[in-house]
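The values are calculated or read from the model by the stated rules, or taken from the named source; none is laboratory data. Computed from a predicted structure; not experimentally measured. Here the Cβ positions follow ideal geometry from the backbone for every residue, glycine too, while neighbour counts run over all protein chains shown.
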Amino acid sequence: MRLSPVVLTVVIASLAYATPPEMAFSRLLPAAPALAAAMWPVLPTVLLGTVCLLLMIGLGLVFPDLGTWWTAAGIIAVTVAAAYGSHARLQRERTLFQLRLVADAAQQVVLSPLPRRIGDIEIESLYLAAAAEARIGGDFYEVVDTKYGVRLLIGDVRGKGLPAVGAAAAIVNAFREAAYDEDDMVAVARRLDASSTRYNAAFPPEGAMERFATALLAEIPHGGGRVNVLNCGHPPPLLLNGARLHVLETATPSPLLSLAELIGDHYTVDTFDLAPDDLLLLYTDGIAEARARDGEFFPLATWMRRQSGTPPRELLTALHRDLLRYSRGRLDDDIAALAVRLRAA
């Protein structure tokens, strides 16, 4: 690909020399520097344009009736435009590189690397940004080991871009503190809601729509046996016990973060059995709502039933692969997932 402008130049010049002048293949020479602008720096682009100009002059000496000067003027004009286009492209690439550095720094704040194992609990994570040029969006997760057990958080801020990243960072940072301090998950959820509300007050969203976040808190006591779930409007976790799949639906949904003042701060914690080798999948709605070209949603429950005995790391690798295959690489929303397995003693 990098040599294609040179190949194009050689092909056009060869055809112009080997065919009758009436076919005028030489008039295609300006295409070579135009193509070079898309992949080469400024100086090589100008040099290729100069080579094309010299080739055109040489062809004009061989074929006097070729219309050399009109084509030469076209080569000069296209080369100047191509040099400017190459310069502008390099500027954009440098800007994009700087933005990706900033995104990587933001990712380290919001999505810090998780421990792959805490005691008898295996943990793996997956994150995919919907935008190809982005590294992070409004989805978030965190896992901390506390004296109350292993506490997990996963959620999704409504919206995209830097405002959503900032709101996600406020929630995750609040969780990192509250998870250690509070012995009750309801108190943790209230602190997350307060932090989200303060952030939205300091940085109000644009437009009439409110900024809120869904979140799911899970707690696995040391020694296992059960998992406590507090669901703030988030998709319910999936628990795979052998070949049996359980959807951990909550009896009474808790309010979304930033909406407790409007609809009340009544939080509910549900407890479910968690046996050794059970596989727990926490995910954001970007997974369940991934669409094929015909509009059908990704069949997450059916897919999960086929993963019996799959370790967490291989599970998320397969999920990543199958999601991209199902949606043909076109994700409409960010995706985050946590896979957790309680190992047998």
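Applying the criterion of being among the hydrophobic types (A, V, I, L, M, F, W, C) and more than 27 Å from the chain's Cα centre (by Cα) to the residues of the stretch 260-301, the residue that is farthest from Ala129 (Cα to Cα) is Ala275. If you go through the stretch 31-69 and keep only what is in contact with a Gly (Cβ under 9 Å, 6 or more places away or on another chain), buried (at least 17 other Cβ atoms within 10 Å of the Cβ) and not aliphatic (A, V, I, L, M), you end up with Pro33, Thr45, Gly60, Thr68. When the stretch 264-303 is examined, which residues are found to be more than 14 Å from Arg341 (Cα to Cα) and touching a residue at least 60 places away in the same chain (Cβ under 8 Å)? Across the stretch 264-303, the qualifying residues are Asp265, Tyr267, Val269, Tyr283, Thr284, Asp285, Gly286, Leu300, Ala301.
Quick grid of which residues meet (1) loosely packed, with under 15 Cβ neighbours inside 10 Å; (2) touching a helix residue (DSSP H, G or I) at 6+ places or on another chain (Cβ under 9 Å); (3) farther than 24 Å from Leu217 by Cα:
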position: Leu279; (1), (2), (3): no, yes, no
position: Asp285; (1), (2), (3): no, no, no
position: Arg291; (1), (2), (3): no, yes, yes
position: Leu300; (1), (2), (3): no, yes, no
position: Met304; (1), (2), (3): no, yes, no
position: Gly309; (1), (2), (3): yes, no, yes
position: Arg313; (1), (2), (3): no, no, no
position: Leu316; (1), (2), (3): no, no, no
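Here Ala168, Ala194 are screened, and the one residue that is under 20 Å from Leu114 (Cα atoms) and modelled with pLDDT of 85 or more is Ala168. Residue check: is Arg211 among the basic types (Lys, Arg) and under 24 Å from Asp334 (Cβ atoms)? It is true that Arg211 is among the basic types (Lys, Arg) and under 24 Å from Asp334 (Cβ atoms). Can you spot a residue in the stretch 197-216 that is charged (D, E, K, R), exposed (fewer than 13 other Cβ atoms within 10 Å of the Cβ) and not in a strand (DSSP E or B)? Yes, the stretch 197-216 has at least one match. Among the residues that make up the stretch 279-286, is at least one of them within 20 Å of Val247 (Cα to Cα), in contact with a Ser or Thr (Cβ under 9 Å, 6 or more places away or on another chain), at pLDDT 90 or above and among the aliphatic types (A, V, I, L, M)? Yes, the stretch 279-286 contains a residue that is within 20 Å of Val247 (Cα to Cα), in contact with a Ser or Thr (Cβ under 9 Å, 6 or more places away or on another chain), at pLDDT 90 or above and among the aliphatic types (A, V, I, L, M). Go through the stretch 287-301 and give me each residue that's at pLDDT 90 or above and either under 14 Å from Pro237 (Cα atoms) or in contact with a Cys (Cβ under 6 Å, 6 or more places away or on another chain) (or both). Ile287, Leu300, Ala301, listed by residue number.
The condition of being within 21 Å of Glu177 (Cα to Cα) and assigned to a loop (DSSP other than H, G, I, E, B) holds for Asp265.
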